[in-house]
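Written below as structure tokens is the structure these notes are about.
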Amino acid sequence: QVRLTESGGGLVQTGGSLTLSCAASVRTFSNYAMGWLRQAPGKEREFVAAISWTGVNPSYGDSVKGRFTVSRRSTGNTVYLQMNNLKPEDTAVYYCAADMDRSKIQAGTAGYWGQGTQVTVSS
């Protein structure tokens, strides 16, 4: 059973930056796309970003394009989410997800999930 562990969440002011990390409990994670979703209180889970298992072809949700960057070393077991110009509406629990089918990450139906890390952006 693969475990995903997120880190890097916290409290930041509007306009600030944070970097989230998510590590899989295996040395290599070939063939698995990885990505991030988030859920704010009272709202549905929202797709944030995803990247292929080779570390290319990133995709983003509309609300974070141009501000967030997802990255990963080719076939590596860790995915990162660099978040810049943070806004109060980015406040949410951020979840790492992984699946061999990348579309499942975007759909919120990935096979593997982390426990989530809280990001709070103060105004």
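The values are calculated or read from the model by the stated rules, or taken from the named source; none is laboratory data. It should be emphasised that the depicted structure is a prediction, and the values quoted were computed from it without experimental measurement. Note: ideal-geometry Cβ built from the backbone for every residue, glycine included; neighbour counts use all protein chains shown. Just so you know, the surface numbers come from the protein's heavy atoms only, side chains and all, with ligands and any DNA or RNA stripped out. Shrake-Rupley method; radii C 1.70, N 1.55, O 1.52, S 1.80 Å.
Over region 36-84, average the accessible area per residue using a 1.4 Å probe and give it in Å², no decimals.
Details: 2480 Å² over 49 residues.
Normalised by residue count, the accessible surface of region 36-84 is 51 Å².
Longest exposed-loop-site-free stretch of the chain, with trypsin sites (Lys or Arg not before Pro), DSSP loop and at most 12 other Cβ within 10 Å?
Values: sites that count: R3, R27, K43, K65, R73.
Here the longest segment lacking exposed loop sites spans 74-123.
Would you work out what percent of the accessible area of region 1-97, with all protein chains in place, is carbon or sulfur (probe 1.4 Å)? Intermediate values should be presented prior to the final figure.
Details: 2240 of 4810 Å².
Answer for region 1-97 is 47 percent, counting heavy atoms of protein chains only.
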